[in-house]
Structure formats: C-alpha cells, structure tokens
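Report on the structure given below.
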Amino acid sequence: MRFACKTLVLVNALACAGLVQAADIKIGIAEALTGGAAQYGVAISNGFQLAAEEINAKGGINGNKITLVIEDEQGKKEESINVFKKLIFQDKVLMIFGPTLSNSMFAAGPVANAAKTVVFGTSVTANGITDVGPYVFRNSVMESDVLPVTVATATKHYQLKKVAVIYGNDDAFTKSGYDVFKKVLEEQKLPVTTTETYVKGDVDFKAQLTKIKGSNPDAVVCSCLAEEAANIMLQARGLGIKAPFIGGNGFNSPKLFEISKLAGEGTFVGSPWSNTNPAPANQAFVAAYQKKYKAEPNQFAAQAYDALNVAAAALKDIKLSGDIVADREALKNALPKATISGATGPFKFRPAKTRSGQPGGWDADQKPFIYLVKGGKFTLYSSK
Amino acid sequence: MLEQQLLNALTLGSVYALFALGFTLVFGVLAVINLSHGAVFMVGSYAALALVTHFDAPLWLAILGAMLISGTIGLLVDVLILKPLRARNAPHLIPMIATIGVGIMLTSAAQGMFGAEVLRFPEETLPAGEFIVGNVHVRALELAIVAIAFILMAVLFTLIKRTQLGRALRAIAESPKAAWLLGINVEGLFHVTSFVAAALGGVAGVLIGLDFNAITPQMGQPILHKGIAVIILGGMGDIRGALIGGLFLGFAEVISKAYLSSQMGDAVAFGLLFLILLVRPSGLFGRKLERKA
C-alpha cells in the first residue's frame, strides 16, 4: 500500500512537471490536398498525421507534444509560396514539411531558406532541389541513386539489346527522371529506339505506344507517375506490345499493379519503400496505417511518416528555448545528424552535391530495393 | 502502323465529336457557352462507374443511367442558373462565368465524394474481345465507342432536321423572340436542349472513361478546351461542324504525334485550327455570324 502511494505521488509529480514545461512543437505541413497532385498530397498528409499521433501517444518529444498546422498548397507554385509565408511568419512554425511537387519546391523552397526555416520535402526528387540552400532537406531518395541499379538489373535479367522510352515532359518529377534515365542508358550503352512524350493529364497514349510498337524494343522505359503508368501499360497491352516495362520512382505504388493487373507483369522498379519489406518498423507502419485510414499506404505516406520521425529524432537532441529564431537554427544544425530505422529502412542524411559547388541542403542516403512485379505484386528481386 | 494510328484517331475523334455536339447544341439554341460541360462529362463517368460498382448494373444500363444523371444536372443548371439570368436579361458573359462556377462546384463535389485518385471500371465489366486484323489490334470496346458515338450523332441529326421538335429548335436558334411569337414553348425547349446536351456530354464521359479507363475529378478540363476548339472549328452552333471538327481534331492530334513528335500533338492540332480560321473565320460550317444551328 505504501509502495502504491509513493508511486502515485511520483507519477503526479512527473505529470505536474510535464504540465509546467510542456509546450507544443508547431510543425507546418504544406501539401497538395486538392487538385491534380492531391493523390500524393493526401497520402503524405496521412503519413504525417499517423506519425504525429504515435509520437504524441508515446508522450511527445521530451514531453512536448507535436501539433501539425496543415495547409493545402493545391499543387501550385504560387499557392505554395503563399502557404509557406503563412506558416513561417503568421503561424511561426518550427519547420515545414512539403510541398508535394518538385515544381512547387523550386518556387517555395527559397522562401523558407531565406527565412532561415528548415523545409523538409518528402516527395520532391527532382535534381537541384537541395541546391536551394542549407535549410532544405529531403528524404525522398533521388532517381539518380535508384535508376542505374534498376536499369542494370533489368538489362541483365532480360538480356536487353534496345529499349524505347516514354515520359511526361511537363512535370519536374517525370522530366528529371527521364534525364536520369537518358544518362543511365548512355552510360550502360543501351540503344534507344524512340523517345515519346506526353503531358500531365493525358489519358490517351495510343498514338505514342503505336509508334513504340513499330520500333520493336525489348523493353519500355517509363518515367511516369503511377496513374499515367497504369494507363500506359494497359493501352500498350491492348495494342499488342509484349515488351516488359522498366519504371522510375513514379511506379512505386502497390495500386499501380493492382490496377494494371497482368499488364504490369515483369516490370522492374527500384524503390525506396515497399509494403512487403519485412522490417518490423515497416510492418508496424503498414498495420497502423491500414487501421487508421482503412486503406493501403503507399511510398509517399511511408516517406512522410519516416520524415516526421527523423525530425523527432533530431528534436530529441535539442533544448527548445522558445525563441523561434534560435530554435529554428538549432533544428537546422541538429537535423543532419539524425538517423532512424524507419518504414523505408535505415535512414541518414548526406550533404547535397550542388552544381555551383556552394554548400547546399541535405539529401537522403539510402539504398534502393529492386523489385520485379510478379502476379500483380512487388517481389524483391534476387539474381540467379 | 498507319492503320493502327487511324483507328486510334477515329476512336478519339468520335468521342471529341460527341462531346462537342452537346456543347454546340447549347450554344446554338441557348446562345450560352456552357463551360460546365466538361464537368458534366466528368459526372457522366462517375455516374456510370458508381452504377457499375455499387449496383452491379450492366454496362448498357450504366450508360443510360449516366445519361439520365448528367442530363438532369444539365437541366438543373438551366432551371436554377441560366433561367434566372435570362429573366434578368444578363449580358452574354454572365451565364458563361456562372457555368465556370458550376464546373468548379461539380469538380469539388466529385472529389469530395469519390476522392482525388484515379478510379477505373473493374476489368470484368469492360467488353472483352479483341480482333487482330493484319497488324492492327482492334478492341471490341473501341468498336462499341465509335458505334455509340455515331448512332447518337445520327439520332440527333435526324431529330434536328426531320422532326417538329427539331424545327422548333432551329427556329429558336434563329430568333428566340420570333419563335416565341410563333407560339413555340421557348423555355420548355431550352430545358430539353440543356438536358439532351448534358446527356450527350455524360455519354462522352462514360466512353472516354471506358476507353482510357481513368476517371478523375479533373478529367473534364482538357476535353473542355478541345471541345471549345472543335465547335469554333466546325462553326459555332453547327452540328455537322461538331462532328467533322471533332474527327478532324482527333486525326490531327494522333497523326502529328505519330509522324512529327509526341510533343507536337496539341501544337499541330491547334496550329491547323488557327490556319483554318484564317481562311474561314466563322469555321467550316458556320455561315454568317448571326445565324446559328
């Protein structure tokens, strides 16, 4: 009995201490929640909310709860700038996650960098994003890390002699994926039969695919977003193209192969994440996401989930003073050292190689997984 | 590969034509550029999808249902929005702007109800079957799309040219006031036209949804732009113009993607449009500017 009383007092004291010191850590989320990019932005925002809930349920960070200030940047550059300004100057958030598209990061990233506020992109893979400045971070694994491995593996597996290429040329994400593919194909000396393009929002790819069919490639390299990729695959099979696909980062959606069914069979994809990755951190994430949202998570949700945990790891190591300018600076200095083992595997930052040679932001240092699509599912590829 | 490209163009062109038909009909009769037509097209897709997935409706029933639902929306737009504006003698620009608002509302409503991600018809609901003629892959679906588009266009054409209703519509297109003096129920026919036009737009939506199998809240926007181009090309308010213009745009797009560069599809299609308008400012079938339909 005496023991029980003592414990109770202790718990009370702790709770009181907590009450006195606890402050909310305000974190801004700027993602596309409406418009064409909402299919990514909503998943990303879900990932953040799940992570915040879990962190808060475990008592927050050093007793401080995380509050998310979620704003809709509509997938537009102008709106991203507006939302960034609101979050930084009006809401006075400690840092910002987002925006959804690389295009928007090129526009809004400089705003955060100039205001000396950390901006952390989870879905911005275009080249040059982290050239913006030292306050720019991302855990989006870049295609220049993934694609050489994907192409080399597929070439070896299928004995490829020549490939056709199709990509979206008005989107920073798919265009920069294409640039990387082009470089990789040149380096690996794989001839290209024809290069076809489309623009965002296209649903009819038959003209381009008919041309690809005429050029008779061994495989089709596709730098496309998942939704377009599904249509491209289905329409390719409808036209009688039998060649397998090699996909960029946009292919990383379990839904893609659910939709495209057997059309996507034999596709090679390199990925920073997969729902089948058996690591406990990933399985816990997948289960928690399914429970909370009654839907399958995707790569974008996983990276957002990990990103908040990376930030939380950094925040654990710093003492927040309440002075927003000092706290933002402290976070910027602590973040590069943060490491976690999350849903996307072991994660750490590496300094970005900027084109100008000046100090830039921080990129993800992660190994890609190579997947072969079998029976409509990602299966981890192992060479024979 | 030319044969395959021609088939691609025919499918695309006939859906463009079907979409433009409703668009041009409203312009011809009501003298309103209805910019919610793209959103109505999108509603048609979602309506058919919902009927197929939630009520296990067969495809033909889903198409009819989609016509009914999108037609009703067209009717509501006319009764609730265009009619009060007509009653107040609002200038031409006002109903056009109002329909932009309707478009945004419908798009947001669809996103709220169905979500932002791309939805698709379940595979087993699509007509299977595929013929291979020489080098050309023909899907039963594509044949059905072309057939449905042309049948509907033929029906509408006969309706306008051969029936009393059609004569009344043409009279209204000429002058609503004169038609009213002749005892034609102008308001009633405005409602009928809005319903039919939206129903046609809805069917076009279902057909595009089936062919490309990608239904999103935003899908009406690109086709709205194409539709505007088609009716300008064909002659504002002219039904044959919508048909020929739609097919023309489909062929121009596909052929330029196939033989020039895939980046050039829209550029060539719209460039040709510009050239044709230089020669014929009122479009292929537009007679004088004051005469429509």
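So the values come out like this:
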item: Residues satisfying the stated conditions in the range A:230-246, i.e. at pLDDT below 90 and in contact with a strand residue (DSSP E or B) (Cβ under 6 Å, 6 or more places away or on another chain); result: A:238, A:239, A:240
item: Restricting the range A:153-201 to residues that are of a type in the set (Ser, Thr, Tyr) and outside any helix (DSSP H, G or I), the residue that is nearest to the other protein chains (Cβ to nearest Cβ); result: A:197
item: The listed residue being over 21 Å from the mean Cα position of the chain (by Cα) and over 23 Å from residue B:214 (Cβ atoms), out of A:332, A:319, A:292; result: A:319
item: Subset of the range A:211-231 that is under 16 Å from residue A:146 (Cβ atoms) and in a helix (DSSP H, G or I) - its residue that is farthest from the other protein chains (Cβ to nearest Cβ); result: A:229
item: Meets criteria (within 18 Å of residue A:124 (Cα to Cα), in a helix (DSSP H, G or I) and of a type in the set (S, T, N, Q)) for residue A:49; result: no
item: Out of A:295, A:288, sole residue that is in a helix (DSSP H, G or I) and closer than 20 Å to residue A:122 by Cβ; result: A:288
item: Only listed residue being away from every other protein chain (no Cβ under 14 Å), crowded, with 21+ Cβ neighbours inside 10 Å and within 27 Å of residue B:244 (Cα to Cα), chosen from B:204, B:149, B:154, B:214; result: B:149
item: Single unsatisfied condition, residue A:204 versus (1) more than 22 Å from residue A:159 (Cβ to Cβ); (2) assigned to a helix (DSSP H, G or I); result: (2)
item: Among (1) within 19 Å of residue A:62 (Cβ to Cβ); (2) in a loop (DSSP other than H, G, I, E, B); (3) in contact with a helix residue (DSSP H, G or I) (Cβ under 7 Å, 6 or more places away or on another chain) - the single one residue A:335 does not satisfy; result: (2)
item: Among (1) within 26 Å of residue A:177 (Cα to Cα); (2) free of Cβ contacts under 8 Å to residues at least 24 places away in the same chain, the one test that residue A:269 misses; result: (2)
item: From the options B:75, B:82, residue that is over 22 Å from residue B:218 (Cβ atoms), in contact with a His (Cβ under 9 Å, 6 or more places away or on another chain) and touching a residue at least 24 places away in the same chain (Cβ under 8 Å); result: B:75
item: Any chance residue B:159 is more than 12 Å from every other protein chain (Cβ to nearest Cβ), out of contact with any Pro (no Cβ under 7 Å at 6 or more places or on another chain), assigned to a helix (DSSP H, G or I) and in contact (Cβ under 8 Å) with a residue 40 or more places away in the chain; result: no
item: Residues located in the range A:338-355, provided they are under 20 Å from residue A:127 (Cβ atoms), out of contact with any Asp or Glu (no Cβ under 7 Å at 6 or more places or on another chain) and outside any strand (DSSP E or B); result: A:353
item: Selection status of residue B:171, within 14 Å of chain A (Cβ to nearest Cβ), over 28 Å from residue B:6 (Cα atoms) and surrounded by 13 or more Cβ atoms within 10 Å (Cβ to Cβ); result: no
item: Top-ranked residue of the range A:236-258 - restricted to ones that are surrounded by fewer than 24 Cβ atoms within 10 Å (Cβ to Cβ) and free of Cβ contacts under 8 Å to residues at least 60 places away in the same chain, ranked as farthest from the other protein chains (Cβ to nearest Cβ); result: A:242
item: Candidate set from the range A:258-271 (those that are under 21 Å from residue A:156 (Cα atoms) and not β-branched (Val, Ile, Thr)); member that is modelled with the lowest pLDDT; result: A:271
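So that you can scan it fast, the table gives a plain yes or no per residue for (1) within 25 Å of residue A:37 (Cα to Cα); (2) touching a helix residue (DSSP H, G or I) at 6+ places or on another chain (Cβ under 9 Å); (3) not in a helix (DSSP H, G or I):
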| position | (1), (2), (3) |
| --- | --- |
| A:83 | yes, yes, no |
| A:105 | yes, yes, no |
| A:131 | yes, no, no |
| A:134 | no, yes, yes |
| A:144 | yes, yes, no |
| A:151 | no, yes, no |
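The values are calculated or read from the model by the stated rules, or taken from the named source; none is laboratory data. Just so we're clear, the structure is a prediction, and the values are computed from it rather than from any experiment. Backbone-built Cβ (ideal geometry, glycine too); neighbour counts: all protein chains shown.
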